[in-house]
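Notes follow once the structure below has been shown.
The values are calculated or read from the model by the stated rules, or taken from the named source; none is laboratory data. Model, not experiment: these values are computed from the prediction. Note: ideal-geometry Cβ built from the backbone for every residue, glycine included; neighbour counts use all protein chains shown.
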Amino acid sequence: MDASVEEPEVCELRLYVAGQTPKSVTALANLTKLCEDHLAGRYHFEVIDLLEHPQLARGDQILAIPTLVRRLPAPVRKIIGDLSNTDRVLMGLDLRPRS
Amino acid sequence: MSFAGRTQEQLVEEVAELRERLRDAEETLRAIREGEADALVITEGQQDEKVYALKSIRAEENLRLLADAGAMPTEALDLAATLQRAARLAVSGFADWCVIDLAAEEGRIERVVAAHADPGRQVLIEELKRFPPRGDEPHGPALVLRTGRSQRLAQWRAECLETVGQDPEHRRTFAALEPRSSLQVPLAARGRILGVWSFYSSSSRRSYDESDQELAEELGRRAALAIDNARLYGAAQAANLAKDRFLATLSHELRTPLTPVLAVISSLEGDDRLEVKVRESLAMVRRNVELEARLIDDLLDLTRIARGKLELSRRQTNLRRLVEQAVETCCGQDMASGRLTLVQDLAAAEPTVWADAPRLSQVFCNLLNNAVKFTPDGGTITVRSQFDAPSLQASAGSEQGEIVVEISDTGVGIRPGALSQIFNAFEQGDQGGNRRFGGLGLGLAISKAIVELHGGRLSAESEGIGRGATFTVRLPVGRRRQEAAKVIGAERRGAPRADAGGPLHILLAEDHADTAEALAALLEGLGHRITIAGTVAGALEAAAATDTPIELVISDLGLPDGSGLDLMRELSRRYRLPGIALSGYGMEEDIEKSRQAGFARHLTKPVTLDLLKDVIDQVRERD
């Protein structure tokens, strides 16, 4: 059993988008489903629209959108893309032991 | 124990952070390549920042498509010029005056051109631009735009004038232009109605008939195509610029942390207090960091090639030695371990070519690395060269014949259908599903461009999957006599001084403390004396001190209180000091800017000790 499961930590996520592009919409839908399926009750996410807050891109060094940033637990992890590959996202978030 | 000012823990942490950044960057490129993400470009203005999400970083494909679409004269690719020319054409006989309206965002209509045959009435007709049609109007351009059908009025009567115009002022202007007959045709291209072209007769008293309408519709179709092309071209160019910017930002992000890491590793590798095993591991780390730096350089090269800005600095080059060195560097390990067999047959009798040696090495290393990468254990790599004497029909350019270098392997081979695409950027032969092999797929595109810049050719052959591949480089044997003489002369002058090159007092302007310290340690290792300054003001102060004058400046370009460019301008004005720029940015504009500021050389981070040493020697010779 994975050690992180025994001591559930709240996952703090940020999804960076730039307006309502198809990829951003897909990413948001994928993220919502993924959080409910795998992180129910122990996650918190916010969506940052860079069209409104371009200066925020620098803080997390965002080079492409959509980008998902796991701010907590440390270390910060980034997953780039529309989050359609669930396995890759779970691995990126360290929610699944690496094989 | 401390390594170049760091504890072991700090070092481990730095390497971990570096690995994380590289992983992020590779992941970014993967996601963009596979269409899961759009590249983000943020332009910084004075007050506001603008954000663009770039659908594709392969915008040049749009340009190629346009070029293929037909003979499009380049001057017609400017939208404003296209419209003006169309309007001038219309009023040189067919109409007395004309107006072009284009559909804009959110149902708005823009009146972009109003032209009159009589220059004296141009001021009057310009007034019409103040009254662009509204999208819901039941007549005129708005109607044509909605329906896509032309409107013809053979004869304007006084009561017609009553119905047009949005207000009395508009009506007065319109009446003053004395319309007699009119034709309004759609500007339709590629299935979309882009706008409306309205033709009017007045003093000519011409009355438009059906055949005039047909002609006007044909004019409309042609103009619409030109307008659409101009718009697409504009969009593609903007995307291209944004793409270059994105790549520059990305490479900067990637390069910056590599500099201190490379510097620390180089110094640790030479530290004999460390166990041999540790030093071997460090060599492995360094090789991988250098590999990553090469990938970044490839990205930058690609943007230079796409814009025709890749420049060669040529001299007489011994091709045999260059190929031998490339083989040693790229294949040495796999040969020594017995993983692969090498057959080398460099028979070319005349091995001298007029070439940019580092660039040509890059080509051979690319080809050899590919051969090694794509050949399974127990395979063979064959490197052959031969001299092709000039044939009787040879053109002036190849009158001295060609050297042909062939690199063959017994590896995975290339599907016949894929042979024509492997020289495209971002392509690897096998694109089905997972990419089995690492790398960005830029090497062959860059290699081909470099060989062609040398006046040569690069081609590929393969009998199919699993049957190996052969890459052939053909280079003209040449000596541009005049230029060759110049280079030899320069070498003779420079040589004695290079041998006598003693220690220098170097001013190092660099605000990143880790980088500054690591670089200073390395330069001191070469026997130089180093003064570090973290700001422009500090550097100017250090240069003003007269006890031991500064002889050379090495400066980062982004300093906290100003730019390294300003610093260099000031130092070369006051003391005529030679300088070397160090920057994370390596686009040709950046290099040009630092050259103009007075830097003798512009190096892009990360910089290895060997390169820095060579450049210092070159700059000191030039001085």
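A few comments on the model shown:
- Members of the stretch B:601-616 found to be among the hydrophobic types (A, V, I, L, M, F, W, C) and surrounded by fewer than 21 Cβ atoms within 10 Å (Cβ to Cβ), listed by number: B:Leu603, B:Leu609, B:Leu611, B:Leu612, B:Val615
- Residue in the stretch B:307-325 that is modelled with pLDDT under 80, farther than 16 Å from B:Leu603 by Cα and in a helix (DSSP H, G or I) present: no
- Taken as a whole, the structure places B:Ala104 among residues that are under 41 Å from the mean Cα position of the chain (by Cα), loosely packed, with under 14 Cβ neighbours inside 10 Å and of a type in the set (Gly, Ala, Ser).
- Checking the stated criteria, A:Ala29 turns out to be small (Gly, Ala, Ser), at pLDDT 90 or above and more than 14 Å from A:Leu93 (Cβ to Cβ).
- Spans of strands (runs of 3 or more DSSP E) in the stretch B:497-568 with at least 2 residues crowded, with 20+ Cβ neighbours inside 10 Å: B:505-509, B:552-556
- Any hit, the stretch B:112-120, residues being more than 45 Å from the chain's Cα centre (by Cα) and surrounded by 15 or more Cβ atoms within 10 Å (Cβ to Cβ): no
- Evaluating A:Glu9 against the criteria (1) in a loop (DSSP other than H, G, I, E, B); (2) within 14 Å of chain B (Cβ to nearest Cβ) leaves one unmet condition, (2).
- The set of residues in the stretch A:69-94 that are charged (D, E, K, R) and touching a Gly at 6+ places or on another chain (Cβ under 9 Å) comprises A:Arg70, A:Arg77, A:Lys78, A:Asp82, A:Arg88.
- Yes/no for B:Arg620 being of a type in the set (Lys, Arg) and surrounded by fewer than 18 Cβ atoms within 10 Å (Cβ to Cβ): no
- Summed over the stretch B:594-606, residues that are hydrophobic (A, V, I, L, M, F, W, C) and either part of a strand (DSSP E or B) or under 21 Å from the mean Cα position of the chain (by Cα) (or both) total 1.
- Filtering B:Leu250, B:Leu282 for residues that are at pLDDT 80 or above and either polar (S, T, N, Q) or surrounded by 16 or more Cβ atoms within 10 Å (Cβ to Cβ) (or both) leaves a single hit, B:Leu282.
- A:Leu95 of a type outside the set (S, T, N, Q), more than 20 Å from A:Leu34 (Cα to Cα) and more than 11 Å from the chain's Cα centre (by Cα): no
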